[in-house]
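K.L.:
This is the structure I have questions about; it appears just below.
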Amino acid sequence: MQREQLADFLRRRREAIRPAEVGITDGPRRRTTGLRREEVAMLAGMSVDYVVRLEQGRSSQPSTQLLGALARAMRLSDDERDHLFHLAGHQPPPADGPARLARAGLIRMLDLLGDTPALVLSDLGEILAQNRAALLLTGDHAGFTGDRRYVVYRWFTDPADRAASPPEEQERHARQLVADLRAAVGRRSGDPTVTGLVDRLQAASTDFRRLWAEHEVAVRRADRKTLLHPQVGSLLLDCETLVTPDQGQQLLVLTPADAETRERLELLRVLGTQEFPTGATDTPPR
């Protein structure tokens, strides 16, 4: 761990970011051109004291999860993110591995979408990043580990996950998940991460085995679905998926399909503001 270099890099990157780039209003009384330490702490989901110690070269070695949160908070490019990992004494996550981070450009798009729920997913359905609107809509996916990182695995093994979808839509949604996974298997032929996930799903779910045997293939791009939210009820959403050129990551944007859903999403934002006030925690987000 190169503490002095790490401290200098973090401080300079923080000072180079304009607040508007990360969705923070730049008020008339603001004296600094970059982000404040407390703003980095808020965006990364960690304590201000830890950010201070990092910038002063007095911290313990940060974990890879924490480094990922910092990279997202400060909108680092892929090269800058890898440099951050090296300075902290860690190997960067592989470009096409399961532990990869959301691309910097996609993170910036999450910011630009503002109150429109949006998520960044891997080609296997790991949620790599969420904006605040998506967090309120679908919940925080930061705590999932192992196979539960994958949306398709939770769908076929956790009844609570299916409960967010109306019974009449569940078969169609299940088929879409399996067909999308089949497409990923074709692109990543021989990848043990993918084949292992399929093997474990077949062992865990008879429903998955049934659909997998039908060999349907389709990359998810556009869809309309109903989400049953515990606070605001039924939401009819249009789902638009933008895929990166290498098909390794996806930007999923969720928009209201009718006026009633639009009103309920506005209510959800109000409820979220009351329930989740702005502030820093010690747990890295997303």
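The values are calculated or read from the model by the stated rules, or taken from the named source; none is laboratory data. Keep in mind the model is a prediction, meaning the values are calculated, not measured. Note: ideal-geometry Cβ built from the backbone for every residue, glycine included; neighbour counts use all protein chains shown.
K.L.:
Looking at this structure, is Ala134 buried (at least 22 other Cβ atoms within 10 Å of the Cβ) and either closer than 23 Å to Leu54 by Cβ or at pLDDT 85 or above (or both)? First the steps, then the outcome.
P.N.:
Working: buried (at least 22 other Cβ atoms within 10 Å of the Cβ): yes; either closer than 23 Å to Leu54 by Cβ or at pLDDT 85 or above (or both): yes.
So Ala134 passes the test.
K.L.:
Shifting gears a bit: How many residues are farther than 23 Å from Thr261 by Cβ and either of a type outside the set (Val, Ile, Thr) or touching a residue at least 60 places away in the same chain (Cβ under 8 Å) (or both) if we restrict to the stretch 113-166? Step through it out loud before you land on a result.
P.N.:
Taking the stretch 113-166 and keeping what is farther than 23 Å from Thr261 by Cβ, we get 122-126, 128-129, 142-150, 152-154, 156-159.
Now restrict to residues that are either of a type outside the set (Val, Ile, Thr) or touching a residue at least 60 places away in the same chain (Cβ under 8 Å) (or both): 122-126, 128-129, 142-144, 146-150, 153-154, 156, 158-159.
Total satisfying the criteria: 20.
K.L.:
Given the residues Leu135, Leu124, Leu101, which is the only one that is under 30 Å from Met46 (Cβ atoms) and assigned to a helix (DSSP H, G or I)? Show your work before the answer.
P.N.:
Numbers: Leu124 fails: assigned to a helix (DSSP H, G or I); Leu101 fails: assigned to a helix (DSSP H, G or I).
Just a single option satisfies the conditions, and that option is Leu135.
K.L.:
Does at least one position in the stretch 18-35 carry a residue that is modelled with pLDDT of 85 or more and either assigned by TED's automatic domain parsing to the domain that holds Val185 or of a type in the set (Lys, Arg) (or both)? Give the derivation first.
P.N.:
Taking the stretch 18-35 and keeping what is modelled with pLDDT of 85 or more, we get none.
No: the stretch 18-35 contains no residue that is modelled with pLDDT of 85 or more and either assigned by TED's automatic domain parsing to the domain that holds Val185 or of a type in the set (Lys, Arg) (or both).
K.L.:
For residues that are surrounded by 16 or more Cβ atoms within 10 Å (Cβ to Cβ), over 27 Å from Val270 (Cβ atoms) and touching a Cys at 6+ places or on another chain (Cβ under 8 Å), tally how many sit in the stretch 221-241.
P.N.:
The total comes to 0.
K.L.:
Quick check: anything in the stretch 181-193 within 18 Å of Leu121 (Cβ to Cβ) and β-branched (Val, Ile, Thr)?
P.N.:
Looking through the stretch 181-193, at least one residue is within 18 Å of Leu121 (Cβ to Cβ) and β-branched (Val, Ile, Thr).
K.L.:
Pick out the one residue from Asp207, Asp199, Asp180 that is of a type in the set (D, E, K, R), under 19 Å from Gln249 (Cβ atoms) and assigned by TED's automatic domain parsing to the domain that holds Glu240.
P.N.:
Numbers: Asp207 fails: under 19 Å from Gln249 (Cβ atoms); Asp199 fails: under 19 Å from Gln249 (Cβ atoms).
Checking each option against the conditions leaves just Asp180.
K.L.:
Just a yes or no: is a residue in the stretch 7-14 among the aliphatic types (A, V, I, L, M), at pLDDT 80 or above and in contact with a Lys or Arg (Cβ under 8 Å, 6 or more places away or on another chain)?
P.N.:
Applying the first criterion (among the aliphatic types (A, V, I, L, M)) to the stretch 7-14 yields 7, 10.
Those still in the list that are at pLDDT 80 or above too: 7, 10.
Still in the list and also in contact with a Lys or Arg (Cβ under 8 Å, 6 or more places away or on another chain): none.
No: the stretch 7-14 contains no residue that is among the aliphatic types (A, V, I, L, M), at pLDDT 80 or above and in contact with a Lys or Arg (Cβ under 8 Å, 6 or more places away or on another chain).
K.L.:
So in the stretch 52-63, with the set limited to residues that are without any contact (Cβ under 8 Å) to a residue 40 or more places away in the chain and assigned to a helix (DSSP H, G or I), which one is nearest to Arg11 (Cα to Cα)?
P.N.:
If we take residues in the stretch 52-63 being without any contact (Cβ under 8 Å) to a residue 40 or more places away in the chain and assigned to a helix (DSSP H, G or I), then Val52 is nearest to Arg11 (Cα to Cα).
K.L.:
Kindly indicate whether Asp49 is modelled with pLDDT under 85, surrounded by fewer than 14 Cβ atoms within 10 Å (Cβ to Cβ) and acidic (Asp, Glu). Steps first, please.
P.N.:
Values: modelled with pLDDT under 85: no; surrounded by fewer than 14 Cβ atoms within 10 Å (Cβ to Cβ): yes; acidic (Asp, Glu): yes.
Criteria not met by Asp49.
K.L.:
I would also like to ask the following. Identify the single condition in (1) more than 21 Å from Val22 (Cα to Cα); (2) at pLDDT 85 or above that Asp96 does not satisfy, given that it satisfies every other one.
P.N.:
(2)
K.L.:
All but one of (1) touching a Lys or Arg at 6+ places or on another chain (Cβ under 9 Å); (2) part of a helix (DSSP H, G or I); (3) not hydroxyl-bearing (Ser, Thr, Tyr) hold for Arg262; which doesn't?
P.N.:
The number of the failed condition is (1).
K.L.:
Would you point out which residue out of Gln202, Gln176 is within 22 Å of the chain's Cα centre (by Cα), part of a helix (DSSP H, G or I) and without any contact (Cβ under 8 Å) to a residue 60 or more places away in the chain? If you could, list the steps in order and put the result at the bottom.
P.N.:
Working: Gln202 fails: within 22 Å of the chain's Cα centre (by Cα).
Sole residue among the options that is within 22 Å of the chain's Cα centre (by Cα), part of a helix (DSSP H, G or I) and without any contact (Cβ under 8 Å) to a residue 60 or more places away in the chain: Gln176.
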